[in-house]
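Below: the structure, in structure tokens.
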Amino acid sequence: MIRLAVALALTASIGFAGEAYVTNQGSDDLSIVDLESGAVLATLPIGGKPAGVVAAPDGLIYVTSPEGKHVTLIDPNARDVAGRIPVGMGPLGIAAHPDGSAIYVADWHEDRIYELRDGEVARSIGVGDSPSGLAVTPDGAHLLSADRDQHQVSVIDLVDWRVTAAIPVGERPFGVTVDAAGRLAYTANVASNTVSVVDLQAGKTVGSIPVGDRPYAVALASGRGFVTNSYGDSVSVFDIGSGQVIATLDTGEYPEGIAANRAGTRVYVANWFSNTLSVIDTLTLEIVGEIEVGDGPRAFGAFLRE
């Protein structure tokens with residue numbers, strides 16, 4: 001359900017189609033949200049405390065359940081569960097290959113990345129301690145893993161299936177995001193309250209941006225970075241060119257997952273303790289909507305489909 005005043009604002013200001021897939025850890029389900037109207041179209045039972053999610057190029061939605069030790073496949077057109085795949089001991093972060101051929105899952109407990117193909121585990125590889133967020137470079141050549149308890153990003157060559165680098169970043173990196181050019185990556189460092197800027201070609205961290213309290217994940221849009229500050233109940237906005245924070249926006253309580261739409265005009269924020277999805281206008285830097293979803297939304301990953 002969406003509040004009436006917000007529904008009117010969204011209808012007037014958002015002129016694009018698409019859906020958001022929001023994992024609700026408290027209610028063990030997934031909210032499917034229409035981005036044009038702000039209405040929740042369906043709520044699907046998932047189980048296992050769902051957290052990570054990716055809308056994949058193959059047309060399916062993949063959801064990780066750390067406590068259920070499985071990945072759930074969602075058919076967004078049928079709005080139904082299409083299957084489940086047992087994966088490791090604590091699947092958390094998840095990402096898709098750009099060509100839709102594979103899904104990558106970070107196992108928090110086993111310190112491994114699993115590759116899923118054709119509905120089953122194809123192979124796995126060891127990385128640093130407690131891998132969390134994942135991101136694939138736009139050319140599909142490399143996978144990045146934010147290894148939270150080793151304060152690094154592992155770089156995996158997806159052709160040779162080997163770790164080619166372990167790049168030190170800030171303390172306790174959780175989310176990792178790659179820019180459209182595949183040149184820079186950004187990690188949200190929970191313990192150091194910073195965002196690390198990683199030059200992927202040079203294989204090193206080239207910048208550190210101070211943000212709010214307990215940053216969780218980063219989205220990129222309109223030449224800006226948007227960072228959820230989970231303890232700060234806010235989103236820090238920084239200029240990508242200068243690395244300077246230009247605004248701090250109040251959101252719901254304990255924001256975590258964050259994603260930008262394809263046009264770069266809207267950023268969506270899952271507020272874990274407020275049970276809402278905040279909508280940010282990336283040009284005016286204003287909160288233009290607040291959508292009510294399930295209990296304990298995490299939405300950790302690329303949770304938009306357009």
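Summary of values
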item	result
1.4 Å probe accessible area per residue over the chain, in Å²	37 Å²
Ranked by how many other beta carbons lie within 10 Å on average, peptides 220-226, 202-208 from highest	220-226, 202-208
Over the range 14-113: Kirkwood hydrodynamic radius from C-alpha pairwise inverse distances, Å	13.6 Å
Over the chain: helical MRE at 222 nm, DSSP H runs n ≥ 4 each giving -39500 (n - 2.57), nearest 500	-1000 deg cm²/dmol
Dipole magnitude of the chain, debye to nearest 20 (Cβ charges: Lys/Arg +1, Asp/Glu -1, about Cα centre)	280 debye
For the range 242-255, 3J(HN,Hα) per residue [Karplus equation, 6.51 cos²θ - 1.76 cosθ + 1.60, θ = phi - 60°, Hz, x = Gly/Pro]	9, x, 8, 6, 10, 6, 10, 10, 6, 10, x, 7, 6, x
Three semi-axes of the equivalent ellipsoid, the range 94-242, Cα gyration tensor, whole Å, largest first	24, 16, 14
Amide H within-cut-off set for Leu41, under 5 Å, with H built and near neighbours excluded	Ile32, Val33, Asp34
Amide H within-cut-off set for Ser230, under 5 Å, with H built and near neighbours excluded	Tyr216
Whole-angstrom Cα spans of the range 98-149 along principal axes, big to small	31, 24, 13
Reciprocal of mean inverse Cα separation for the range 47-98 (Kirkwood radius, Å)	10.9 Å
Carbon plus sulfur fraction of accessible area for the range 108-198, probe 1.4 Å, in percent	42 percent
Debye, to nearest 20: dipole size of the range 48-105, +1 on Lys, Arg Cβ, -1 on Asp, Glu Cβ	220 debye
In sequence order, calculated HN-Hα J values of the range 99-114 (Karplus, 6.51, -1.76, 1.60; Hz; x Gly/Pro)	8, x, 7, 8, 10, 10, 10, 8, 9, 4, 8, 8, 6, 9, 10, 9
Structure-derived Cα extents along the principal axes in Å - corresponding label in (i) 51, 45, 30; (ii) 70, 50, 40; (iii) 51, 49, 36	(i)
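The values are calculated or read from the model by the stated rules, or taken from the named source; none is laboratory data. No experiment lies behind these values; they were computed from the predicted model shown. Note: ideal-geometry Cβ built from the backbone for every residue, glycine included; neighbour counts use all protein chains shown. Just so you know, the surface numbers come from the protein's heavy atoms only, side chains and all, with ligands and any DNA or RNA stripped out. Shrake-Rupley method; radii C 1.70, N 1.55, O 1.52, S 1.80 Å.
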